[in-house]
Amino acid sequence: MAENKKLSFIATGIRLHMKECFLRFLGLFKRYDYCIAFYSIPEGLKAEKYLKGFKAVSIPLPNEIYKGWGVGILVKEEDKDRLLKHLKENGVSISGLFKRVGTRFEEVR
């Protein structure tokens with residue numbers, strides 16, 4: 001059972017990194033204005049379930065947000081408030097909101 005969880009975790013990481021590479025290669029990554037961070041990888045993966053209907057996509061957390069493993073949700077300005085509300089209503093806890101400033105993300109306080 002533990003081996004299945006480990007394989008699933010690795011596959012999820014590969015999926016997220018491939019998605020990020022695809023977005024960067026096509027120049028779409030910079031079209032997202034905010035990144036939502038979560039307290040844990042499972043919480044970030046839970047958030048993925050609620051992205052339908054939003055201009056948002058899951059990725060690994062950018063290094064300037066957290067130099068470790070994590071899941072982030074990129075979201076466009078026009079969907080940010082609505083998505084944050086939707087996540088809260090569905091019991092998803094976020095650890096931070098980060099705004100794109102040039103090529104980096106900075107925490108919104």
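Tabulated data for the structure shown
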read-out	value
Residues being of a type outside the set (A, V, I, L, M, F, W, C) and within 17 Å of VAL71 (Cα to Cα) - total across the stretch 83-100	7
Residues being open to solvent by less than 30 Å² (accessible area, probe 1.4 Å), touching a residue at least 40 places away in the same chain (Cβ under 8 Å) and of a type outside the set (A, V, I, L, M, F, W, C) - total across the stretch 39-60	2
Qualifying residue in the stretch 61-72 (condition: surrounded by 12 or more Cβ atoms within 10 Å (Cβ to Cβ), among the β-branched types (Val, Ile, Thr), under 22 Å from VAL108 (Cβ atoms) and at pLDDT 95 or above)	no
Members of the stretch 1-29 found to be over 16 Å from ASN63 (Cβ atoms) and open to solvent by 100 Å² or more (accessible area, probe 1.4 Å), listed by number	MET1, GLU3, ASN4, LYS5, LYS6, LEU7, MET18, PHE22, PHE25
The stretch 81-102, subset without any contact (Cβ under 8 Å) to a residue 40 or more places away in the chain and of a type in the set (D, E, K, R), residue most open to solvent (accessible area, probe 1.4 Å)	LYS88
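The values are calculated or read from the model by the stated rules, or taken from the named source; none is laboratory data. Just so we're clear, the structure is a prediction, and the values are computed from it rather than from any experiment. When we count neighbours, we look across all protein chains shown, and the Cβ atoms used for this are built from the backbone with ideal geometry, even at glycine. We work out accessible area using only protein heavy atoms, side chains counted, and drop any ligands, DNA or RNA first. Shrake-Rupley method; radii C 1.70, N 1.55, O 1.52, S 1.80 Å.
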